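Structure first, then comments.
The values are calculated or read from the model by the stated rules, or taken from the named source; none is laboratory data. Quantities reported herein were computed from a predicted structural model and do not represent experimental measurements. Don't worry about glycine lacking a Cβ; one is built from the backbone with ideal geometry, like all the others, and counts go over all protein chains shown. Accessible surface is based on the protein model in full, side chains and every heavy atom, while ligands, DNA and RNA are left aside. Shrake-Rupley method; radii C 1.70, N 1.55, O 1.52, S 1.80 Å.
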Amino acid sequence: MPLLRDRFDCVKVAGLARMFRFAGASTKRYERSAPYGVKGPSMDYELFFRDRIAGLKQEGRYRVFADLERHASKFPYATFHGPNGPREVVVWCSNDYLGMGQHPVVLSAMHEALDKCGAGAGGTRNISGTNHYHVLLEQELADLHGKEAALLFNSGYTSNLAALGTLARLLPHCVVFSDAFNHNSMIVGIRDSGAEKHIFHHNSPADLDRLLSQYPKDRPKLVAFESVYSMDGDIAPIGEICDVAEKHGAMTYIDEVHAVGMYGPRGGGVSERDGQAHRLTVIEGTLAKAIGTQGGYITGSAAVVDCVRSFAASFIFSSSLAPAVAAGARASIRQLKTSPEIRERHQERAATLKRLLREHGLPVMPSVSHIVPLLVGDARLCKQASDQLMERHNIYIQPINYPTVPRGTERLRITPTPLHGDTEMNHLVDALLDVWSRLEIRKLAA
């Protein structure tokens, strides 16, 4: 069996192994009497599906959605609708990193667009669904990243899926080189393209160079990676990766979803902060995190963007974003381009929380970004810690378990925002210390 070098391959093989356990004799449990007139037993599908869910629960990996009602005027507070009735909680794991989903400028723009255009876009982009707000937003995004063109999608997942799948499929005999920690949307897009794929060691230009060296310079190649990796909070060496890609004649594709709005003089991401945006073929991002609304996008040359627009089935056959969402996203981006103080406050809050956690012996994992991962190391304990924070302290932090992160690295992923004050931070630290003590979770060595 070939070496498994990315998270998707590991999860895929594990899934196949579990599937094969249901083959042969193991399917006996799911046999039931066949309907009248049909020979042989049939499968009890409901029992099969119930057993699969029971297995997740036994492992501590069953995902429970928190029923939250966000407060537009009191972010990061929300109403949690739980089994014992509604109560106010503090949200510490939102991807609305800057609180822009509550910003008055964004809400005002959305109200105005809703009153002018109504609720939906009315169709796909090709059939009556291109609203003027979409055009204005794409222009704003192209300007943000210093590119000729941009293209909107309904989510960041779809933008990666469509763009990587389309570009790698269109280029003849393309070889894709993907970082080992790339997001599932990138992995699936590359897989669906049918292109040859190689995985390079995480954030390793040297390993990328080794793999690229095996191919002639004139063969089409695409290097795909992220800027900020959302679970560990580490940042890619963008300039060094671009050096290697240019040396071997490869295109570059960067996912900036966890950096757009938060890094760079105007919020163009880590590539803007590091002065590397002009070297990247495609910059992909989301509107659903720091921008505070919904949707995804790509930016690049007019020719590259037009190819994705013209050939990506998931773009062609999807209805457009609501005009009000596009208007809100544009207002958010325009606000962030001229508001470096929001980014400065955000970085200060993240650094302050990391310091407080370390000072109290709580096992914060190393992170050079705004992501604050707190190691638990066990799926059941991670879920119990999350539950106790909610039940005892009115703090909501979702547990992060396998397959999102490798087994043994289960964690609470904390995302402080500019709107989490000292009061909320002190409350969080006290609550974590209480839960760590009750569950006897390992702390840092003194």
Notebook entry, point to check: If we sort 294-302, 376-384 on the protection proxy, mean other Cβ atoms within 10 Å, highest first, what's the order?
Noted result: 294-302, 376-384
Item checked: Using a Förster distance of 45 Å, the FRET efficiency for Asn394-Glu246 (Cβ separation, nearest 0.05) -> 0.30
Item checked: Protection-proxy order for peptides 418-427, 269-278, 224-233, each taking the mean of Cβ atoms within 10 Å per residue, highest first -> 224-233, 269-278, 418-427
Check: Which percent, nearest 5, of DSSP beta bridges in the range 146-250 are antiparallel?
Finding: 10
Item checked: Positive-end residue of Asn131, Met100, Tyr157, charge dipole of the range 79-160 with Cβ unit charges -> Tyr157
Margin query: How far apart, in nanometres, would the label points at Glu59 and Asp192 be if each is projected 7 angstrom from Cα along the Cα-to-Cβ direction?
Written below: 2.4
Note to self: Could you tell me the calculated FRET efficiency between Glu344 and Asp218, based on Cβ-Cβ distance and R0 = 41 angstrom, to the nearest 0.05?
What the structure shows: 0.35
Check: Relative contact order (percent) for the chain, with alpha-carbon contacts under 8 angstrom and 6 or more residues of separation?
Finding: 19
Next item on the list: In nm, give the distance between the simple-model label positions of Arg355 and Ser437, each being 7 Å from the Cα along the Cα-to-Cβ direction.
Entry: 2.5
Check: With every protein chain in place, what's the accessible area of Ile241 (1.4 Å probe, Å², nearest 10)?
Finding: 0
Next item on the list: Anything in the chain that counts as a DSSP H helix reaching 24 Å or more along its axis (C-alpha) with Kyte-Doolittle mean of at least -1.0? List them, would you?
Entry: 422-439
Notebook entry, point to check: Using the scaling law 2.2 N^0.38 Å as the reference, what is the normalised Cα Rg of the chain?
Noted result: 1.05
Checklist line | Using a Förster distance of 45 Å, the FRET efficiency for Val105-Arg407 (Cβ separation, nearest 0.05) | finding: 0.55
Next item on the list: Take the solvent-accessible surface of the protein heavy atoms, probe 1.4 Å, and return the percent of it on the chain that carbon and sulfur atoms account for.
Entry: 55
Item checked: Positive-pole candidate from Gly361, Ile333, Val188, dipole of the chain, charges at beta carbon -> Val188
Check: Tell me, in nm to one decimal, what length is gained between Asp387 and Ser42 on full extension, where the rule is 0.36 nm per residue of separation less the Cα-Cα distance?
Finding: 120.2 nm
Item checked: Inverse mean reciprocal Cα-Cα distance (Kirkwood Rh) of the range 301-446, Å -> 18.1
Item checked: Dipole magnitude (debye, nearest 20) for the chain, charges at Cβ of Lys, Arg, Asp, Glu -> 1200
Notebook entry, point to check: So for the chain: antiparallel DSSP bridges make up what percent, rounded to the nearest 5?
Noted result: 60
Next item on the list: Return the distance in nm (one decimal) between the two label points of a simple spin-label model at Leu68 and Ala119, each offset 7 Å from Cα along Cα→Cβ.
Entry: 2.5
Check: Once you charge only the Cβ atoms, +1 for Lys and Arg and -1 for Asp and Glu, what is the size of the charge dipole of the range 151-241 about its Cα centre, to the nearest 20 debye?
Finding: 400
Note to self: Test of understanding: in a Gaussian network model of the chain with alpha carbons linked when under 10 Å, which of Asn160, Asn394, Asn84 would top the mean-square fluctuation ranking?
What the structure shows: Asn84
